[in-house]
Amino acid sequence: MNLNEIIANPTKVNLNAASLGPARIDSPVKGQSFVDENSRVSLVTYLAQMEVLRNKSIPSLEAAGPRQKIFFDPAQTRVAIVTCGGLCPGLNNVIKGLVQVLTYDYGVRMIFGVPYGYRGLNPRYGLTAVRLSPDKVDDIHEDGGTILGSSRGDQDVKTMVDTLLMQLDVNVLFCIGGDGTLKGAKDIVNEITRRKAHISVVCIPKTIDNDLNLIDRTFGFETCVQSAAEIIKSAHIEAQGIHDGLGLVKVMGRDSGFIAAHASLASSVTNFCIIPEIPVVLDGPTGLFKALERRYRHKDHAVMVVAEGAGQDLFTEQANMDASGNILKHDIGLFLVEKITEFFRNSGKEINVKYIDPSYIIRSIPANSSDAIFCFQLAEKAVHAAMAGKTNIVIGSFNGVFVLVPLACVISERKKIDTTSALWHAVTGATRQKDYFAEDAFENELPNRSAAQDFEALF
C-alpha cells in the first residue's frame, strides 16, 4: 500500500517493526541518547491529512536508533552481511559502516561477508564467507562496487537458511539490496519463522532508481544524479558542437523516472525528459517528432534524457526476465536514435545524434560525500535495530527521519513520480518541454536566427 492508501485505511496495514523477543541486556553503546521503544514517526505531515484521520489512529513508523536494552549478547553474536543485485555507489561504505558500528559500539567480533549475493548462501557454488574486521574494510569506501561481490537471482530459501544456521551459525543477517533483494530477504524471514529460529534480518535499501515504497531516499541515488548531470552537460556540448545536433542520454530507471527527472533539473540543459510514468507518443501533432521539429525551428541543437524503462509499449517483441525476476527492458535509447533519425531523414532534414548510455559507469563509481554520510547513518541504524532484536524490517528515511519500515510494506509496490507533483512541474518548467509538445505553442514567436548568423554574432 502506498502512503495515500495507508492514510485512507490506517488499520489495514501493520506498520509495527517485528521483534524476536524482549530485550533484557544493557546496551554497551556510550555517548549517545537512546531511542524510546515507543518513539514513533508520523506518516502524516499535513493538517488536512490529520483532519481526515480525526478519531482514528495516526499511521506511524517506529523511530530508528540505539535502544537502552538489547536482545543479543554481543559476545555471542555472529553476523553475516550480503550485497545483492546490481552495483550502486555506496555499497562499500555501508559494509564499512556495519563493521565499524558492530565492532566499536557493540564489541561484536564475529562478522562474516557472504560472497556474491545470495549465491554465497548456496553451498553448491563452493563459495566461502570471509571474516570482516575494521582493518579489512579500512579503505574500501574509496572504491566503487562491493568487496563482497554481488549477484542476481533467487536461491533455494531452505538451503540459504541451512547455511545461515548450520554453516555460519549466525543470529544477525544484513541484506543490502533493492526490490529483488528485499523480496528474497522476506522469503528468508518466513523460513526462519517457520523453523522458530532466532535470526534478525535487517535490510538496507539499495536501489539506484530510488523507487522503494515508504522510503524517500536510497543510498547511491544522489551520487548517480550528480554523475548523470555531468554526463548530460557533456551531451549538451556535443549537441552544440554540430548543427542540428541531438545529445541523447539514457539513464537508469526501470519503472520510475526519478534519476532522469533529478538529473535533468541538476544539469539545467535538458530539453526533453522522457520517463516511464508518461506514455511515449512518437507521431502526430503533439508527438515527440513534432516536438523536436519545434525545438529545431528555434534552436540548432537539443538534449534529451530518457529513463531506461520509458516507452516500452512501443516495442512489439516479448520482453525477457533477468535472474532476479525483473523484466529486461528493451533499449529505448537505441530505438529513439533510429526512429528520430529516420523521421528527420524522411522530412529532408539531417539530425546528428550523439547517443550516450553511461549506466554501468555510474553504477560503479564511489559514493559522493552526501551519500557517504547517508550510508554510514543507514549502517549505524541497522546495527542498532538488529542488536535490539528487530527483524523483518528495512532501515529507511521518511521525511528525513530514520525509521524501521516493515519489509512487507516496502515490497508491496514501487514508488513512482506523481506527474502532478511539484517535482515534475519543475522538470517541465526547466526543460520547457510542455511548450515543445503543444501544437500551437510557438505560433506567435519568430524563429531564431540562422546558425550562420549565430556563429557570426560570436565575433
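The values are calculated or read from the model by the stated rules, or taken from the named source; none is laboratory data. Since the structure is predicted, the reported quantities are computational estimates derived from the model, not experimental observations. Neighbour counts run over all protein chains shown; Cβ positions are idealised from the backbone, glycine included. Protein only, heavy atoms only, side chains kept; ligands, DNA and RNA dropped before computing areas. Shrake-Rupley method; radii C 1.70, N 1.55, O 1.52, S 1.80 Å.
Some values worked out for this structure:
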{"item": "Segment 367-380 - residue that is part of a helix (DSSP H, G or I) and touching a helix residue (DSSP H, G or I) at 6+ places or on another chain (Cβ under 6 Å) and, of those, most open to solvent (accessible area, probe 1.4 Å)", "result": "PHE376"}
{"item": "Checking ASP255 against (1) under 22 Å from TYR360 (Cβ atoms); (2) modelled with pLDDT of 95 or more, the condition it does not meet", "result": "(2)"}
{"item": "Among (1) open to solvent by 10 Å² or more (accessible area, probe 1.4 Å); (2) outside any strand (DSSP E or B) - the single one GLY65 does not satisfy", "result": "(1)"}
{"item": "Conditions (1) open to solvent by less than 40 Å² (accessible area, probe 1.4 Å); (2) without any contact (Cβ under 8 Å) to a residue 40 or more places away in the chain: number failed by THR316", "result": "(1)"}
{"item": "Failed criterion for SER256 (all others in (1) surrounded by 23 or more Cβ atoms within 10 Å (Cβ to Cβ); (2) in a helix (DSSP H, G or I) hold)", "result": "(2)"}
{"item": "When residues of segment 387-402 are limited to those that are under 17 Å from the mean Cα position of the chain (by Cα), over 19 Å from LEU20 (Cβ atoms) and among the hydrophobic types (A, V, I, L, M, F, W, C), the one modelled with the highest pLDDT", "result": "PHE402"}
{"item": "Which numbered condition ARG54 fails, given (1) free of Cβ contacts under 8 Å to residues at least 40 places away in the same chain; (2) open to solvent by 10 Å² or more (accessible area, probe 1.4 Å); (3) outside any loop (DSSP other than H, G, I, E, B)", "result": "(3)"}
{"item": "Residue list for segment 192-220, filter: of a type in the set (Ser, Thr, Tyr) and either touching a Pro at 6+ places or on another chain (Cβ under 9 Å) or modelled with pLDDT under 95 (or both)", "result": "THR207, THR218"}
{"item": "From the options VAL383, VAL403, VAL337, residue that is in a strand (DSSP E or B) and open to solvent by less than 40 Å² (accessible area, probe 1.4 Å)", "result": "VAL403"}
{"item": "Selection count, segment 90-126, where residues are assigned to a loop (DSSP other than H, G, I, E, B) and farther than 18 Å from LEU182 by Cα", "result": "5"}
{"item": "Selection from segment 6-20 of residues that are in contact with a Gly (Cβ under 6 Å, 6 or more places away or on another chain) and either of a type in the set (Phe, Trp, Tyr) or in a loop (DSSP other than H, G, I, E, B) (or both)", "result": "LEU20"}
{"item": "Yes/no for ALA291 being at pLDDT 95 or above, farther than 16 Å from LYS354 by Cβ and open to solvent by 50 Å² or more (accessible area, probe 1.4 Å)", "result": "no"}
{"item": "Complete set of residues in segment 407-424 that are of a type in the set (A, V, I, L, M) and not in a loop (DSSP other than H, G, I, E, B)", "result": "LEU407, ALA408, VAL410, ALA422, LEU423"}
{"item": "Lone qualifier among VAL82, VAL35, VAL41 - being surrounded by 14 or more Cβ atoms within 10 Å (Cβ to Cβ) and assigned to a loop (DSSP other than H, G, I, E, B)", "result": "VAL35"}
{"item": "Within segment 2-26, considering residues that are polar (S, T, N, Q) and under 16 Å from ASP36 (Cα atoms), the one most open to solvent (accessible area, probe 1.4 Å)", "result": "ASN16"}
{"item": "Single condition VAL44 does not satisfy, out of (1) touching a Leu at 6+ places or on another chain (Cβ under 7 Å); (2) touching a residue at least 40 places away in the same chain (Cβ under 8 Å)", "result": "(2)"}
{"item": "Any hit, segment 279-291, residues being assigned to a loop (DSSP other than H, G, I, E, B) and basic (Lys, Arg)", "result": "no"}
